[in-house]
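Since the structure comes first, as structure tokens, the remarks are kept for the end.
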Amino acid sequence: MDRAEHISIEQVVDLPADELNRCDFSFEIAWELNAPYQDLLDLRALPVQRKDYGFAPTGGARDGSGGTALFRATAGGRLAGFLAMTESWNGMAEIAELAVDRTCRRQGISQFLLAAAEAWARSRGFGFMRLETQANNVAACCTYARAGFVVGGHDRFLYADGANDGEVALFWYKDLRDGQRATSRTVDPESVLPPA
């Protein structure tokens, strides 16, 4: 995608399967944040692997109560990414899924989607936004930190009995009550090469 291409964000009810199938939402894992997970420059190298969650964002977006939202990003006339929101069990606005197609990354699309999600959450009176990702998804962690999210906690056992055993879940929060923006030190994962 050329940086000059028009990027648009819109709230939708669902995403057509054929558009989702044309996207590659996989990502590379080469680094992991070290505990206590507050300093995004404190990394350790991992064996490089590709990860794909197999996103299916249409489930929660069909609720008509106003407690869910689905945002679609388009660039160059095609699906570039999406963000699915829901109201969490604790009354916070929760980002359930955020994905950007590999060919459209590093263009600010995730920041546009996060801004749309924040506007939606603020318009509905939510005091906080929250999300979860893993300590080995450093690119996502940097994205959330740039958007003003901070790590509120972690769970070493959330993935202990499955395919992602050993991964550490990080819980990120953004306080919408006073508009303050927290910051974290970040690194661009693309600028650091893992050992050969």
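The values are calculated or read from the model by the stated rules, or taken from the named source; none is laboratory data. The shown structure was predicted, so the numbers you read here are calculated from the model rather than taken from an experiment. For neighbour counting, all protein chains shown are included, and Cβ atoms are generated from backbone atoms with ideal geometry for every residue, glycine included.
Residues in the range 153-196 that are in contact with a Lys or Arg (Cβ under 7 Å, 6 or more places away or on another chain) and at pLDDT 85 or above were compared, and the one that is farthest from Y53 (Cα to Cα) is L176.
Identify the residue in the range 23-46 that is in contact with a Lys or Arg (Cβ under 8 Å, 6 or more places away or on another chain) and charged (D, E, K, R) and, among all such residues, is nearest to A145 (Cα to Cα). Out of the qualifying residues, it is D39. Can you confirm whether the range 54-68 contains a residue that is in a strand (DSSP E or B), surrounded by fewer than 17 Cβ atoms within 10 Å (Cβ to Cβ) and modelled with pLDDT of 85 or more? No, there is no match, as no residue in the range 54-68 is in a strand (DSSP E or B), surrounded by fewer than 17 Cβ atoms within 10 Å (Cβ to Cβ) and modelled with pLDDT of 85 or more.
Among the residues of the range 119-133, are any in contact with a strand residue (DSSP E or B) (Cβ under 9 Å, 6 or more places away or on another chain), closer than 21 Å to P47 by Cα and modelled with pLDDT of 90 or more? Yes, some residue in the range 119-133 is in contact with a strand residue (DSSP E or B) (Cβ under 9 Å, 6 or more places away or on another chain), closer than 21 Å to P47 by Cα and modelled with pLDDT of 90 or more. For first residues located in the range 103-117 and closer than 10 Å to I7 by Cβ, partners that are of a type in the set (D, E) and surrounded by fewer than 19 Cβ atoms within 10 Å (Cβ to Cβ) and lie 6+ apart or on another chain with Cβ distances below 6 Å do not occur.
Whether any residue in the range 98-109 is among the β-branched types (V, I, T) and either under 15 Å from E10 (Cβ atoms) or buried (at least 23 other Cβ atoms within 10 Å of the Cβ) (or both) is what I want to check. Give the steps one after another, and end with the answer.
Here is the first cut: in the range 98-109, the ones among the β-branched types (V, I, T) are 100, 103, 109.
Next, only the ones that are either under 15 Å from E10 (Cβ atoms) or buried (at least 23 other Cβ atoms within 10 Å of the Cβ) (or both) stay: 100, 109.
Yes, there is a match, as at least one residue in the range 98-109 is among the β-branched types (V, I, T) and either under 15 Å from E10 (Cβ atoms) or buried (at least 23 other Cβ atoms within 10 Å of the Cβ) (or both).
Is the range 148-155 home to any residue that is touching a Pro at 6+ places or on another chain (Cβ under 7 Å) and touching a residue at least 60 places away in the same chain (Cβ under 8 Å)?
If we filter the range 148-155 for residues that are touching a Pro at 6+ places or on another chain (Cβ under 7 Å), which is where we start, we get none.
The answer is no; no qualifying residue exists.
Do we find a residue being within 19 Å of the chain's Cα centre (by Cα), assigned to a strand (DSSP E or B) and at pLDDT 85 or above anywhere in the range 20-27? The answer is yes; a qualifying residue exists.
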